[in-house]
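Below is one structure; the comments refer to it alone.
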Amino acid sequence: MSEERFKNILSSMARKKNVILQGPPGVGKTYIAKRLAYSLLGYKDESKVEMVQFHQSYSYEDFIQGYRPKETGGFQRQDGIFHQFCGKAAADESENYVFIIDEINRGNLSKIFGELLMLIEADKRGSEFSIPLTYAKDQSERFFIPQNLHIIGMMNTADRSLSMVDYALRRRFTFIDLQPEFETASFRHFMEKNEVESQIIDLLVNRMHQLNGKIRAEKTNLGPGFEVGHSFFCPQGTEDELGMDWYRSIIRTEIAPLLREYWFDDLDQAEAQISDLLQ
């Protein structure tokens, strides 16, 4: 990602307070989300960054507030992770805080956010917009989201099982599209710095360019949201070698299963693409 684009996303976060990074698998959504958080803080501090992953069973009671069983029997009201993090940010108004939600569209967003759909808006932050929550004991017990808290959501555009984001939530976020960056100078520089051979870099860049072109052209079932990202090939420092065997191993064990899922109704096409990548 270019420095200019990165700064533009930071500007969106400062203005809107809420952004969603969306893109196909392997474009580095989690990596970028963490770097955006650290950049907004101005330094790396894990205590000011929290991260959760939504799923079908995730609820308002997990996220905001609800009743939980006690070890001694009975139930007690307990604040959820977002409620606790908001309290932490409100007590430290001079610093920025960032809450990251992975797979944000995997949960029932209206159910999870509840009345916070209003409070997460950039112009509805602060104590003057405080409201009583669902489990408040009385009207005097109120909750608000502080100005210094920012939300980063992440969405995998290739997951067929997920529905579109709730429109009420959509207008409260800025959406950032992330794409594969195989053909950028920075990707090549990164690979060279990790001592990947030049011919291997050329081979994988050319072949992934061809594959992603075919995926984009499949407008009916696939398209740009299903492209294969560059992070599949970013060395992790655990590899014994970074030659042809390394490249083919990634194709066989990571890219091939993904392509068979993409072309589940035309496995001959999937196998043809895998064969081209392995040549």
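The values are calculated or read from the model by the stated rules, or taken from the named source; none is laboratory data. Keep in mind that what you see is a predicted model, and the values were worked out from it rather than measured. Neighbour counts run over all protein chains shown; Cβ positions are idealised from the backbone, glycine included. What goes into the accessible areas is simple: the full protein's heavy atoms, side chains included, and nothing from ligands, DNA or RNA. Shrake-Rupley method; radii C 1.70, N 1.55, O 1.52, S 1.80 Å.
Brief remarks follow.
- For segment 61-209, the C-alpha radius of gyration divided by 2.2 N^0.38 Å, with N the number of residues, is 1.45.
- Between the listed residues 47, 182, 229, the Cα displaced farthest toward the positive end of the dipole of the chain, a dipole computed from Cβ unit charges relative to the Cα centre, is found at 47.
- Taking all protein chains together and a 1.4 Å probe, the residues 30, 174 rank 30, 174 from largest to smallest accessible area.
- For a paramagnetic label modelled on residue 115 (point 7 Å from Cα along Cα→Cβ), amide N atoms under 19 Å away belong, within segment 145-159, to 145-147.
- Dipole magnitude of the chain about its Cα centre (Cβ charges: Lys, Arg +1; Asp, Glu -1), debye to nearest 20: 1060
- Under the criterion of Cα pairs below 8 Å and six or more residues apart, the relative contact order for the chain equals 24 percent.
- Segment 206-276: relative contact order as a whole-number percent, Cα under 8 Å and 6+ apart: 22
- Placing +1 on the Cβ of every Lys and Arg and -1 on the Cβ of every Asp and Glu, with nothing else charged, gives segment 1-131 a dipole about its Cα centre of roughly 300 debye.
- Under a Gaussian network description of the chain, with springs only between Cα atoms under 10 Å, the residue in 206, 148, 96 that fluctuates furthest is 206.
- Shape call, segment 171-279: gyration tensor on alpha carbons, a/c limit 1.5: oblate
- Calculated P(r) tail over 16 Å for segment 143-214, as whole % of Cα pairs: 68
- Using a cutoff of 8 angstrom between alpha carbon atoms and counting only pairs six or more residues apart, the relative contact order for segment 1-146 works out to 23 percent.
- Considering helices alone, the calculated mean residue ellipticity of the chain at 222 nm is -11000 deg cm²/dmol, with DSSP H runs of length four and up weighted by -39500 (n - 2.57) and normalised per residue.
- For residue 193, the accessible area of its heavy atoms, probed at 1.4 Å with every protein chain present, is near 140 square angstrom.
- Shape class for segment 41-117: oblate, because the ratio a/c of the largest to smallest gyration tensor axis (alpha-carbon atoms, square roots of eigenvalues) is 1.5 or more and b/c is at least a/b.
- GNM flexibility winner over the chain from 195, 103, 115 (Cα, springs under 10 Å): 195
- Highest-fluctuation residue, 149, 109, 117 considered, GNM on the chain with Cα pairs under 10 Å: 117
- Selected from 96, 1, 110, residue furthest toward positive end of dipole (segment 1-116; charges at beta carbon): 1
- Taking a ≥ b ≥ c as the square roots of the eigenvalues of the Cα gyration tensor, an a/c ratio of 1.5 or more together with a/b larger than b/c marks segment 208-266 as prolate.
- Magnitude of the charge dipole, segment 6-65, Cβ model with Lys/Arg +1 and Asp/Glu -1, debye to 20: 480
- Local charge for residue 11 was computed over the other residues whose Cβ lies under 13 Å away, with Lys and Arg +1 and Asp and Glu -1, and equals +3.
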